[in-house]
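Visitor: After the structure tokens below, expect a handful of questions from me.
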Amino acid sequence: MFTFVDSRQTKTRMDIIDRIRKPILNEMQLFRETFVTSLKTDNPLLSNVNEYILQKSGKQLRPMLSILAAKMCGEVNQSSINGALSLELLHTASLVHDDVVDDTLERRGNPSVNAHWNNKIAILSGDYMLSKSLNCASETNNLHILSAISKIGMELSDGELLQLAVAEEVKISESAYFNVIRKKTAFLFAACAEVGGLSVNASDEQLTHLKNFGEYLGMCFQVKDDIFDYTEDAQIGKPTGNDIREGKVTLPLIHALEKANSEEKERILKLIRNKEFSTENILLITQFAHTHGGVAYATQQMELFKLKAIAELASFENCEAKTSLELCAEFASMRKS
């Protein structure tokens, strides 16, 4: 297990990403080349959108997770690359579509596809990437990989719809919240680890541990994301209070509402119910979550998911890929964006 102190004293965020990527530098280079090739098209408009998305692509943590899982269990091959690419395309398509659904105009500090072009182009471009994802999955010639990726596509849509339904209830339970993030985030991480293992014929026992690792990692990752909404920090990838404005009640607020007295609770629920999201009210809700221990509780739960993820790797032989996967869990809990 690894312990990190404040980034002002030690490594920067990119140093950690570099350490995670180190055992698979050649494989990630092949992945990037394959990614670029897969999105080539003679349609000028689609080509411009694809190029824009490629230029704004993030850390590519999910394909790294898949390729590291493959390397920990065997020798990375073309099926490993195609499986990782399929999952990254699926993830990217879901982000493009989500930005339309949520009326999001910015992603990673840049205009979203729908903001740069329009909703129609964003939806159709996302559809193209989704189809390309399934095409890449079929090129693995592995029915188990294709099945895993097609199932995760359904889970992502299920999770987003479930979140919309839950948002209508205003006050939700902790178990309902965990069910939503398991579907919309954690299952994708689980699929990444599983597909990596499947590509190198990992044993059933190994696949179970890989899936569990990915799920716990994804839960840790999403809870951290939800904590960002209650954090005033210019480094985060979305503005503070963004989830609140969209009516998304996440773990920090769920726990705070459980701990508050009835008068305080009703005051906050009324603001959310009536969508009174002025800057002053967003600050009030944020302070409420801190004062009643919601942010501290969410941080504690995030750390527990991190430890559970790392524990799932205990039975694998020590190697650089395993170390990098452990670092993935550490990074998920201490990242700044």
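Visitor: Which order do the peptides 250-262, 108-120, 182-194, 272-284 come out in when sorted by mean C-beta neighbours inside 10 angstrom, highest first?
Guide: Highest to lowest by the protection proxy: 182-194, 250-262, 108-120, 272-284.
Visitor: Let me ask something else. Please state the charge dipole magnitude for the chain, taken about the Cα centre, from unit charges on C-beta atoms (+1 on K and R, -1 on D and E), reported in debye and rounded to the nearest 20.
Guide: Here the size comes out at about 420 debye.
Visitor: Sequence-distant or interchain residues sharing an amide H contact under 5 Å with R107, placed H: which?
Guide: S112
Visitor: How tilted is helix 204-228 with respect to the longest principal axis of the chain? Cα atoms for both, answer in degrees (0 to 90, nearest 10).
Guide: Long axis of 204-228 versus the principal axis of the chain: about 40 degrees.
Visitor: Which distance in nm do the two modelled labels at D98 and L164 give, with both placed 7 Å along the Cα-to-Cβ direction?
Guide: Each label point lies 7 Å from its Cα, and together they span 1.5 nm.
Visitor: Once phi is turned into ³J(HN,Hα) by the Karplus curve 6.51 cos²θ - 1.76 cosθ + 1.60 with θ = phi - 60°, what whole-Hz value does each residue of region 43-58 show in order, with x for glycine and proline?
Guide: 3J(HN,Hα) across region 43-58, in whole Hz: 8, x, 5, 4, 4, 5, 5, 4, 5, 4, 5, 4, 5, 9, 4, x.
Visitor: Relative to the present Cα-Cα distance, how much length would full extension add between S150 and A176 at 0.36 nm per residue of separation? Could you put the intermediate results ahead of the total?
Guide: On the way: separation 26, 0.36 × 26 = 9.36 nm, distance 2.41 nm.
Gain on extension, S150 to A176, equals 7.0 nm.
Visitor: With a Förster radius of 22 Å, plug the Cβ-Cβ distance of E51 and N77 into 1/(1 + (r/R0)^6) and report the FRET value to the nearest 0.05. Mind showing how you got there, number by number?
Guide: Working: r = 28 Å, r/R0 = 1.28.
For R0 = 22 Å, the calculated efficiency reads 0.20.
Visitor: Measuring from label point to label point, each 7 Å out along Cα→Cβ, what is the K22 to S262 span in nm?
Guide: Distance between the two pseudo-spin positions: 5.8 nm.
Visitor: Going by a ≥ b ≥ c, the root eigenvalues of the Cα gyration tensor, does region 294-337 fall in the rounded group (a/c under 1.5), the prolate group (a/b larger than b/c) or the oblate group?
Guide: In terms of gyration-tensor shape, oblate.
Visitor: What fraction of the Cα pairs in region 235-337, stated in percent, has a spacing above 24 angstrom?
Guide: That fraction is 38 percent.
Visitor: Still on this model: Could you list, in their original order, any pairs among K171/K259; K184/K248; K59/K275 whose Cα atoms are separated by more than 25 Å?
Guide: With Cα atoms farther than 25 Å apart: K59/K275.
Read the figures in this text as sums done on the coordinates, not as results from a lab. These figures come from a predicted structure and were not determined experimentally. Methodologically, a virtual Cβ is constructed for each residue, glycine included, from the backbone with ideal geometry; neighbour enumeration extends over all protein chains shown.
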